[in-house]
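Okay, structure first, notes after.
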Amino acid sequence: MEPSLTGLSCELQLVILDFIDGKSVVRASVAVKEWRAYALCEKFWCEKVCCELRAPILGDRWAEDDDDDEAVSSSPLKKPEKKRKELFWQAKYKTLVVPRKWRLRWRRPTTRHGLGDRVAMPQLFVGPLGRRLFCYGGWSRFGPQSDLHSAPLDELQARRPLRMSRVPETGRPCQRRGVQTLTPLWRGERGEGPSRTHFLRTTTTATTTTTAGGHDATASCSLVLAFGGAGGGYASESSDWRVGVLDEAGPSIRWLDLDATRRRVQDDDDDDDDAKDSSSSSALHKFPLARCAHTATYVPGRLLGAEHPEGAVFVVGGHADDCSRSLSEVDVLDVATWSWYRDVSVSGRKRGRHGHSAALVELEGSAFLVLIGGGTGNILHGFGAGVAEFDDCDVFNCSDKRWLGPSLPLGARAFGCVFGRHHTASPCLGDRHLLFGGGARPSNACFSFDARLAVERAALRELEGTSSSEKKNTKALLLTRVPFDEGFAEPRSRKMHAACCLLPWAPIFCVFGGWELGPHFADFCLADILPGDDDDLDDDNVLRSSFGGGAHRQLSDASNSSSSDHDHGEEEPGDYEDVVAINVATDSGTHQVRIPRSVFERLVEEGVLAASNEQHPVEQDDDDDENQDIANQDNDDEASQEEENLALTQDPAGADDTNASEADTPPPSQL
């Protein structure tokens, strides 16, 4: 007897579902009826979006949907009792996973957001729960700032007027400086930050506090790190740093007393400190090197091993000595002891750069930092000696503390731009980042950068050397231009601005502030992230047909119409059907068989199947779908059954009860 998925236990089927992508689940649901329940489960599609794009698993997002979780957990392969509403994450799967390329449709910019005009790299980021958009620091008309503002993400998705409100703060913040970094001490899901025990010990909270409803009051709290920056003219670089407790639910922020925290943590770890090597202890410092226009990236302890069990912050590059020297030194903050390793010993030291960006990539259990662009020289001095814009990237292995191979060329100059000093690289999905602006002569072009591919290319070049053909291939693959929809207001070219991609929480890209040559900008620009054109989706028509239903002409029309608004409303159960029902007449009777349209078309094309009366299925308009009936074999003429006659037709989405009774199985996919 041949093995069958339906014969496996529910536990084994759930394991299989975890290891295959959503497209395969849709295809297999034609034969495995038990899997169709997950096509209607919102949490299933959220996990597929996050896993396939290596994005955060938003476990806390489902705290308010306990009923659905209980329905799925109690009967994992049964259809959960859910109201017929729009499947938000299913629509995101179709929008984000299916397309290979994206495009941006810019909304009308607003200046009534409450932040004023800001330059010197203010920072936009989304909280760990994905509920609020935060903006930190920058340089306003009142000088450098260290304030924090926020707005609900729901307001942006609903297209309501954006209004950033000041977040209440307590404690002493970091010194006010321009181009100061604020590093969230979490990566992806909440479990990728410092441990709960270390968090409570650092924040002087001996025990977990609960609210009146019995919930953990600190569950919405995470740690952030503010560091560095410079004063007017980007001189007088600072080494000041502070750790804050960000409460996204409040929202609020509390800046900690680092001296008291460090003493308490070190006192608790006396036994471990005695076991450390003396050379290792002597490398610890209270402050890092003073620098500005650097990058500070948190790496979870899972990727660093026993050396940094609670994770570490890697500070790379920047400028010092009043912007006269670009740095290549790497400082590391050990989160477990809140102490610094200054100028750590690394192999293969690179040239100094500042105004660059950093992308964290996890590959085969190791952490890599990809430093993108940047340059040398003061951005205020224009052009001259010592001023340069870099059109390349370097890869740093955080686990082994070494640089990988030579620099990789980006190839942005071939597109008429360069992501030089003070551009932005916004993490979106997987290891892709959206690059925007920067350089002495900035552009308003937006590019998608594949950081994972950069790490793989750097490792390959280190092993095999560099060839001219390899360089050309690297340029072609690292950057992909993200087109803008015509007829919509595009943002101005700028540098020293803020940018943030709200994926996977919302398909929106934000750009705020900065300047080009004259006055500072106060506009807040929002763009909707949409799938690329049909020409860019040829390889994904199988999923489009599985999810979109109908013939190829209908797929093209649906793609053109839906891409304009992307208003995913309620969908009928048959909207995702794309199978062909064929009635096979044999000596034992008439049997109905359903096969995918792509298989059917290939069999007809090869002559394996022939339609009755030599008629092939004809694509019909949507208005004629309800009038399309399943053809039956003419059983009165038994003599004509010497050879099998096939009546071919497309199974309609809205078939009536008489038609539905011919098939024992329900529609293959009711997404």
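What follows is calculated from the coordinates using simple rules that are stated; it is not laboratory data. Small disclaimer: the values here were computed from a predicted structure and weren't measured. When we count neighbours, we look across all protein chains shown, and the Cβ atoms used for this are built from the backbone with ideal geometry, even at glycine.
Convert each backbone phi in the range 227-243 into a coupling constant with the Karplus relation 6.51 cos²θ - 1.76 cosθ + 1.60 (shift: θ = phi - 60°), then list the ³J(HN,Hα) values in order as whole Hz, x for Gly and Pro.
7, x, x, 8, x, x, x, 6, 10, 6, 4, 10, 10, 6, 8, 9, 10
Rank-order 10-18, 410-418 by packing density, defined as the average count of other C-beta atoms within 10 Å over each peptide's residues, highest first. All intermediate terms of the calculation are to be shown ahead of the outcome.
Values: 10-18: 13.6, 410-418: 18.1.
The packing order, highest mean first, is 410-418, 10-18.
Can you tell me the order of 334-346, 288-300 when each peptide is scored by its average per-residue count of other Cβ atoms within 10 angstrom, highest first?
Highest mean packing first, the order is 288-300, 334-346.
Go through 359-366, 41-48 and give me the packing order, highest mean Cβ count within 10 Å leading. Can you show the working numbers first?
Numbers: 359-366: 16.8, 41-48: 21.4.
So the peptides 359-366, 41-48, ranked by packing, come out 41-48, 359-366.
Run the numbers for ALA31 and ARG163: contour at 0.36 nm per residue of separation, minus the present Cα-Cα distance, in nm. Each step should come with its number before you reach the end.
Values: separation 132, 0.36 × 132 = 47.52 nm, distance 5.01 nm.
Between ALA31 and ARG163, full extension yields 42.5 nm more.
7 Å from Cα along Cα→Cβ at both LEU460 and THR480: what's the point-to-point distance in nm?
Result for the modelled spin labels: 1.6 nm.
Could I have the simple spin-label model distance between PHE415 and ARG349, label points 7 Å from Cα toward Cβ, reported in nm to one decimal?
The two pseudo-label positions are separated by 3.4 nm.
Can you compute the modelled spin-label distance between ASP259 and GLU52, with each label point 7 Å from Cα toward Cβ, in nm?
If labels sit at ASP259 and GLU52, their model points lie 5.5 nm apart.
Would you please give the residues with an amide H less than 5 Å from that of LEU363, counting only those at least 5 places away or on a separate chain, with H modeled from the backbone geometry?
So LEU363 has HN proximity to PHE368.
Taking θ = phi - 60°, what integer Hz values does the Karplus form 6.51 cos²θ - 1.76 cosθ + 1.60 yield along the range 107-114, in sequence order, with x for Gly and Pro?
8, 5, x, 10, 10, 9, 10, x
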